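These notes are about the structure you will find just below.
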């Protein structure tokens, strides 16, 4: 029973960490990467679909993304979707191909992105702590029902704390790496 709670908490913490890494990958650090346009959705025959499902997105060079729609009719809606997104990008359309130059990050924008990254990391820490709290309450419930002894409960809580500390350290390392990549010019 204790091992099941530990493994469940560990897997949930791993998922929180993976979610944080995914969120970090969407925050650009000055290099063009197709994942920057992942959250952009475009209307396609009445439904909203991700941009990657109606076009090919590639990094042409370090500062330019290239979007090639699969259908000629999609050029206008894709351009409109990119312009209305909160990314601050202006696509240059040349026939069926859109080139999206990424403006260099200003110092203010870099600091703003660092604040966003720190907020994301804090949200991940809170999620990890909530998972720890849930696991500890499960252990205390087992103790209350006399399914485990006090020693087993205390040892299980210590183990959950060690797992939590490991995941928090991973979050801190990811945060430091992302901050460094954002602040380097």
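The values are calculated or read from the model by the stated rules, or taken from the named source; none is laboratory data. Note that this is a predicted model, so its numbers are computed, not measured. When we count neighbours, we look across all protein chains shown, and the Cβ atoms used for this are built from the backbone with ideal geometry, even at glycine.
Looking at 51, 113, can you tell me which residue is surrounded by 18 or more Cβ atoms within 10 Å (Cβ to Cβ) and outside the structural domain of residue 157 (by TED's automatic domain parsing)?
Residue meeting the stated conditions: 51.
Would you list the strands (runs of 3 or more DSSP E) that sit entirely within the stretch 53-107 and hold 2 or more residues that are out of contact with any strand residue (DSSP E or B) (no Cβ under 7 Å at 6 or more places or on another chain)?
The qualifying strands (runs of 3 or more DSSP E) are 92-94.
Please find, among 38, 71, the residue that is surrounded by fewer than 17 Cβ atoms within 10 Å (Cβ to Cβ), at pLDDT 85 or above and outside the structural domain of residue 139 (by TED's automatic domain parsing).
Answer to the check: 71.
Sort out which residues of the stretch 37-68 are under 15 Å from the mean Cα position of the chain (by Cα) and closer than 30 Å to residue 131 by Cβ, and write them in order of number.
38, 39
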